[in-house]
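The values are calculated or read from the model by the stated rules, or taken from the named source; none is laboratory data. Everything numeric in this text was worked out from a predicted model, so none of it was measured. As a convention, Cβ positions derive from the backbone with ideal geometry for all residues, glycine included, and neighbour counts pool all protein chains shown. Accessible surface areas use protein heavy atoms only, side chains included; no ligands, DNA or RNA. Shrake-Rupley method; radii C 1.70, N 1.55, O 1.52, S 1.80 Å.
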Amino acid sequence: MKARNKFLLGGVLVLGTAGYLMASSIDETATYYLTPSELAGKVTANPRFVQNGVKVGARVVSGTIVRQPDGRELTFKMTDGAHTYDVHYRGLIPDTFTDGVDVVVEGRLDASGTFQATTLLAKCASRYENAPEKYQQTPGYQQGTAATPRA
């Protein structure tokens, strides 16, 4: 076998291996979150899903935010229009967190049905794209966009 052919074969093996490793790692590094309806479906299908760590993306229900006097703890309701969950969060509250804002919370659903959030991310309409198509047509999303005029 010629040296040129050995070099080409080695190059193909290295590139093929690198390509396989990149493609297989995409699933592991993708950040995906559930909607409240998807979370409810998973809990219904498997009641032991409660207490599993999960990310949930939803909209804050207007008028439900209750801040504790210390300013580092709050409760609110989140919805996708079909299902609503109470959320309890303790930690730094983002400046963009208000009524009707889209949020992504990370944490666990407890046995009483309250989502115990360990991370709270509030989306800012001026910095992010529109909400995913999967819940733009839900009543909760449409109600929130009607209540918050865009500049």
Given that compact globular proteins tend to follow 2.2 N^0.38 Å, what is the ratio of the alpha-carbon Rg of region 1-103 to that value? 1.82
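Can you give the Rg to Rh ratio of region 48-117, both from alpha-carbon atoms, with Rh computed by the Kirkwood formula? Write out the running numbers ahead of the final one.
Values: Rg = 11.6 Å, Rh = 12.3 Å.
Radius of gyration over Kirkwood radius for region 48-117 works out to 0.94.
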For the pair residue 34 and residue 98, what calculated FRET efficiency results from E = 1/(1 + (r/R0)^6), where r is the Cβ-Cβ distance and R0 = 25 Å, to the nearest 0.05? 0.65
Would you mind computing, in nm to one decimal, how far apart the modelled labels at residue 20 and residue 1 are, each placed 7 Å from Cα along Cα→Cβ? 1.7 nm
If you take the beta carbon distance between residue 67 and residue 121 as r and set R0 to 22 Å, what does 1/(1 + (r/R0)^6) give as a FRET efficiency, to the nearest 0.05? 0.80
For region 34-77, I need the span (max minus min coordinate) of the C-alpha atoms along each principal axis, in Å, sorted largest to smallest. 38, 20, 14
Using a 1.4 angstrom probe on heavy atoms only, work out the carbon and sulfur share of the accessible area of region 1-128 in %. 58 percent
Would you mind calculating the gained length between residue 12 and residue 106 on full extension (0.36 nm times residue separation, minus the Cα-Cα distance), in nm to one decimal? 29.7 nm
Taking H as built 1.01 Å from N, whose amide H comes closer than 5 Å to the amide H of residue 64, not counting residues under 5 places away? 77
Do any trypsin sites (Lys or Arg not before Pro) in region 1-56 lie in a loop, going by DSSP, with at most 16 other beta-carbon atoms within 10 Å of their beta carbon, and if so which? 2
